[in-house]
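Undergrad: Below you'll find the structure I mean.
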Amino acid sequence: MIDPGASEIITRELAPNERILWTGKPRQGIYLRVSDTFLIPMSLLWCAFVVFWEARVFNSGAPLFFILWGIPFVLVGLYVVAGRFLVDAKQRSKTFYGLTEDRIIIVSGLFQKKTKTLNLQTLSDISLTEREDRTGTITFGPSPPFYSWVAGASWPGLGQMAVPSFEAIENARTVYDLINNAKQKK
């Protein structure tokens with residue numbers, strides 16, 4: 001249950017005499033979430049509308065200002081249709097999780113390394129969301145209302161409100177039980 005790639009990264013974060021109980025990383029590649037049932041159709045509608053609009057402006061011989069005005073909207077449309085999945089996959093490829101006898105460790109960062117640690121003694125709210133294939137997400141702390149609709153959507157700036165979690169991990173129930181057992185031993 002210790003992932004060798006994640007273990008190497010997490011080991012660098014350990015205090016002297018701290019022992020690893022589990023390491024892992026989120027599911028790799030393109031990953032669809034519940035929120036995508038709403039976001040995919042909406043992003044396709046947005047992108048289709050702005051591409052159609054921009055094509056009409058371009059073909060109508062409108063002034064350069066109007067052509068340039070539509071480009072950011074087309075770029076946003078392309079990002080919400082496809083780019084956000086690529087950014088999310090890249091973010092997850094650089095995310096590593098660890099559980100020790102004392103704390104939760106999350107190492108992530110697309111452009112710069114960010115380390116988040118949570119003391120097991122101070123964790124008050126731990127929740128598990130599990131899929132049929134035994135993958136799941138363990139969330140540490142209360143989630144804001146409607147957070148599941150935007151969680152992991154790779155929107156710029158969304159990381160500021162992210163609830164710490166082990167997202168899309170294999171054997172989530174086993175890891176959840178490990179966390180609770182380690183918490184009870186303290």
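The values are calculated or read from the model by the stated rules, or taken from the named source; none is laboratory data. In this text, all values refer to a predicted model and were calculated from it rather than measured experimentally. Note that each Cβ is placed from the backbone with ideal geometry, even for glycine, and that neighbours are counted across all protein chains shown.
Undergrad: Among the residues of the range 151-186, count how many are at pLDDT below 85 and aromatic (F, W, Y).
TA: Matching residues across the range 151-186 total 1.
Undergrad: Which ones in the range 57-96 are within 21 Å of M42 (Cβ to Cβ) and touching a helix residue (DSSP H, G or I) at 6+ places or on another chain (Cβ under 7 Å)?
TA: Correct list: G70, F73, V74, G77, L78, V80, V81.
Undergrad: From the list S143, S148, which residue is surrounded by 13 or more Cβ atoms within 10 Å (Cβ to Cβ), part of a helix (DSSP H, G or I), modelled with pLDDT under 90 and small (G, A, S)?
TA: Step by step, each of S143, S148 is checked, and only S148 is surrounded by 13 or more Cβ atoms within 10 Å (Cβ to Cβ), part of a helix (DSSP H, G or I), modelled with pLDDT under 90 and small (G, A, S).
Undergrad: Which numbered condition trips up Y79, out of (1) exposed (fewer than 15 other Cβ atoms within 10 Å of the Cβ); (2) in a helix (DSSP H, G or I); (3) under 20 Å from the mean Cα position of the chain (by Cα); (4) free of Cβ contacts under 8 Å to residues at least 12 places away in the same chain?
TA: (1)
Undergrad: Among the listed residues A15, A48, A89, identify the single one that is surrounded by fewer than 14 Cβ atoms within 10 Å (Cβ to Cβ) and part of a helix (DSSP H, G or I).
TA: Of the residues listed, the single one that is surrounded by fewer than 14 Cβ atoms within 10 Å (Cβ to Cβ) and part of a helix (DSSP H, G or I) is A48.
Undergrad: Is it the case that the range 81-98 has a residue that's over 30 Å from L21 (Cβ atoms), in contact with a Leu (Cβ under 7 Å, 6 or more places away or on another chain) and modelled with pLDDT of 90 or more?
TA: yes
Undergrad: Look at the range 21-45 and say how many of its residues are in a helix (DSSP H, G or I) and of a type in the set (G, A, S).
TA: Total meeting the criteria: 1.
Undergrad: Could you tell me whether R56 is surrounded by 15 or more Cβ atoms within 10 Å (Cβ to Cβ), at negative phi and not assigned by TED's automatic domain parsing to the domain that holds I126?
TA: When the stated conditions are applied, R56 does not pass them.
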